[in-house]
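Heads up, the thing below is written out as structure tokens.
The values are calculated or read from the model by the stated rules, or taken from the named source; none is laboratory data. Predicted model only: the values in this text are computed from it and were never measured. In this analysis, Cβ positions are derived from the backbone assuming ideal geometry, glycine residues included, and neighbour counts consider all displayed protein chains. Surface accessibility is based on the protein's heavy atoms, side chains included, excluding ligands, DNA and RNA. Shrake-Rupley method; radii C 1.70, N 1.55, O 1.52, S 1.80 Å.
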Amino acid sequence: MPEYVPARGFKEMENLIKLYENQRSPIYIYFYGEKDKDGRSWCPDCVAAEETIMSAFRNHAPADCMILVVDVGSRESWIGKDNLFRKPPYSVEGIPTLIRWKGVERLDGDQLLKSSLLEL
């Protein structure tokens, strides 16, 4: 079963990647908008895709992988010009986004609603 590791914000995400990148493979990074006290993200696309994404992780992710679940912060911080998630090597332009660390696989936005793409 894949290991899920939560990360709040950019610095925590980078620290976890450094900690795990030489110990495990592969690492998938799932970026989503911050959730409120009721567990609902401010990002409507993230809410719409969450069950499809989590189901794909449960049913299709390699057993030895790590899934880094990254909270990109509030809507205000997400749209800020200096948002570090938007810069290389992550280059996240929209959420939700799922990438394979040090790989070419990447799904953004509406692609994450398609279970057939997530199965790949």
Listed by first then second residue, the pairs whose first member lies in region 62-83 and is small (Gly, Ala, Ser), whose partner is open to solvent by 30 Å² or more (accessible area, probe 1.4 Å) and not in a strand (DSSP E or B), with beta carbons under 8 Å and at least 6 positions apart or on separate chains, are Ala63/Met1; Gly73/Glu34; Ser74/Glu34; Ser74/Trp42
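Tell me the residue from Trp42, Trp101 that is farther than 20 Å from Tyr4 by Cα and aromatic (Phe, Trp, Tyr), please.
Values: Trp101 fails: farther than 20 Å from Tyr4 by Cα.
Selected residue: Trp42, the only one of Trp42, Trp101 that is farther than 20 Å from Tyr4 by Cα and aromatic (Phe, Trp, Tyr).
Of everything in region 83-120 that's assigned to a helix (DSSP H, G or I) and of a type outside the set (A, V, I, L, M), which residue is modelled with the lowest pLDDT?
Filtering region 83-120 for residues that are assigned to a helix (DSSP H, G or I) and of a type outside the set (A, V, I, L, M), the one modelled with the lowest pLDDT comes out as Glu119.
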Listed by first then second residue, the pairs whose first member lies in region 22-35 and is closer than 13 Å to Ala7 by Cα, whose partner is outside any loop (DSSP other than H, G, I, E, B) and of a type in the set (Gly, Ala, Ser), with beta carbons under 6 Å and at least 6 positions apart or on separate chains, are Tyr32/Ser41; Gly33/Ser41; Lys35/Ser41
Residues of region 25-73 being loosely packed, with under 15 Cβ neighbours inside 10 Å and outside any helix (DSSP H, G or I), in sequence order, are Asp36, Lys37, Asp38, Gly39, Arg40, Pro62, Ala63, Asp64
Residue hits (region 1-11; more than 18 Å from Asn59 (Cα to Cα), surrounded by fewer than 15 Cβ atoms within 10 Å (Cβ to Cβ) and in contact (Cβ under 8 Å) with a residue 12 or more places away in the chain) are Pro6, Arg8
If we keep only residues of region 12-24 that are under 22 Å from Ala61 (Cα atoms) and either open to solvent by 80 Å² or more (accessible area, probe 1.4 Å) or not in a helix (DSSP H, G or I) (or both), then the residue modelled with the lowest pLDDT is Arg24
Report task. Confirm whether Lys37 is on the phi > 0 side of the Ramachandran plot and basic (Lys, Arg). Result -> no
